[in-house]
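The values are calculated or read from the model by the stated rules, or taken from the named source; none is laboratory data. All figures in this text were calculated on a predicted structure; none of them were measured in a lab. Neighbour counts are summed over all protein chains in view; Cβ atoms, including those assigned to glycine, are modelled from backbone coordinates with ideal geometry. The area values use the complete protein model at the heavy-atom level, side chains included, leaving out ligands, DNA and RNA. Shrake-Rupley method; radii C 1.70, N 1.55, O 1.52, S 1.80 Å.
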Amino acid sequence: MASLKDMRNRIASVKATRKITKAMQMVAAAKLRRSQEAATAARPYAERMATVLGSLASKVADKAGASPLLVGTGKDQVHLLIVMTAERGLCGGFNSNIAKLARGDAQRLIAAGKTVKIMAVGRKGADNLRRDLGKNIVERKDFQGVRQLTFAHAEGIAKRLLEMFEAGEFDVATLYFSEFRSVISQKPTALQLIPATVDEASAEGAKSASAVHEYEPDEEEVLGFLLSRNISTQIFRGLLENSASFYGAQMSAMDNATRNAGDMINKLTIKYNRQRQANITKELIEIISGAEAV
């Protein structure tokens, strides 16, 4: 049985841990609001981009010489998975859930005879996938020390992605991130970037109202710009969604840790008091027994 000194040290240690988890919870709550606002503000732009892209794609996709970013290379043998996670842990299952979704898709593709390559954006993604798919990781992008992610970071990833596509290193690219829904709900999401996915509703709407829209310069040139811009936009949206999801998951995880630490302190305190009372009772019995013997 542990001595009273050991139990006091244990209680003090758990109290110190509770202070740390409480502080991390408060920091995450403060950063969550700004990240949530940024992610929410980026959604309308990304959705409108998809609508315009669908409008143009409905007119250009069937024409000869359409961009490979829209129609693909004609093959789907080599798949690139862009797995975006956080640089840090202590956020519950946030990182592992994204990695789990990507790992499942990668294993399914490999079983179908496809070649899988992985671009890990964020240190935790590479750490989670290294055991099973370490040999498939061909690129790593870490943002350690970056206090706030900007569109320039997304453009850097998109530029490298386009360079790899133009070099014929892959046929299909899919982005993995966590969509923020609430503090306690983050949904791991897979979004195909290349070839671009076109919303059927947007395309049908464009066909029914095609006389309303005129593009200058022509549709092919505008579409060529928008396709590359769309990749940067969707990656930036994924980074913002991930940031908000990370802080939401961390806030929830640290709140649970703080509560668990409080429960443990209560249990240890009760155990300590019982042990102390037992020791006092034992000493009193020894004193009384000694006095009676005299």
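Of the residues 242, 260, only one is modelled with pLDDT of 90 or more, surrounded by fewer than 15 Cβ atoms within 10 Å (Cβ to Cβ) and either outside any helix (DSSP H, G or I) or among the polar types (S, T, N, Q) (or both); which? Lay out the reasoning, then the answer.
Numbers: 242 fails: surrounded by fewer than 15 Cβ atoms within 10 Å (Cβ to Cβ).
The unique qualifying residue is 260.
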Residue pairs, Cβ under 9 Å, 6 or more apart or interchain, first in region 29-46 and surrounded by fewer than 13 Cβ atoms within 10 Å (Cβ to Cβ), second in a helix (DSSP H, G or I). List them. 30/247; 33/247; 37/244; 41/240; 45/233; 45/237
Residue within region 99-110 that is part of a helix (DSSP H, G or I), hydrophobic (A, V, I, L, M, F, W, C) and without any contact (Cβ under 8 Å) to a residue 24 or more places away in the chain present: yes
Please work out which residue is nearest to residue 188 (Cα to Cα), limiting yourself to region 80-98 and to residues that are open to solvent by 20 Å² or more (accessible area, probe 1.4 Å) and not in a loop (DSSP other than H, G, I, E, B). 97
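Within region 268-291, restricting attention to residues that are of a type in the set (Lys, Arg) and surrounded by fewer than 11 Cβ atoms within 10 Å (Cβ to Cβ), which residue is modelled with the highest pLDDT? Quick ask: steps written out before the conclusion?
Taking region 268-291 first, the residues of a type in the set (Lys, Arg) are 271, 274, 276, 282.
If we keep only those that are surrounded by fewer than 11 Cβ atoms within 10 Å (Cβ to Cβ) as well, we get 274, 282.
Numbers: 274: 90, 282: 85.
The extreme case among them is 274.
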Cβ pairs under 8 Å, 6+ apart, first in region 228-243 and small (Gly, Ala, Ser), second open to solvent by 10 Å² or more (accessible area, probe 1.4 Å) and in a helix (DSSP H, G or I): 228/69; 228/162; 232/151; 232/155; 243/35; 243/38
Do we find a residue being open to solvent by less than 60 Å² (accessible area, probe 1.4 Å), β-branched (Val, Ile, Thr) and assigned to a loop (DSSP other than H, G, I, E, B) anywhere in region 130-149? yes
Residue 267: passes all of (1) touching a residue at least 60 places away in the same chain (Cβ under 8 Å); (2) out of contact with any helix residue (DSSP H, G or I) (no Cβ under 7 Å at 6 or more places or on another chain); (3) farther than 24 Å from residue 161 by Cα but (1)
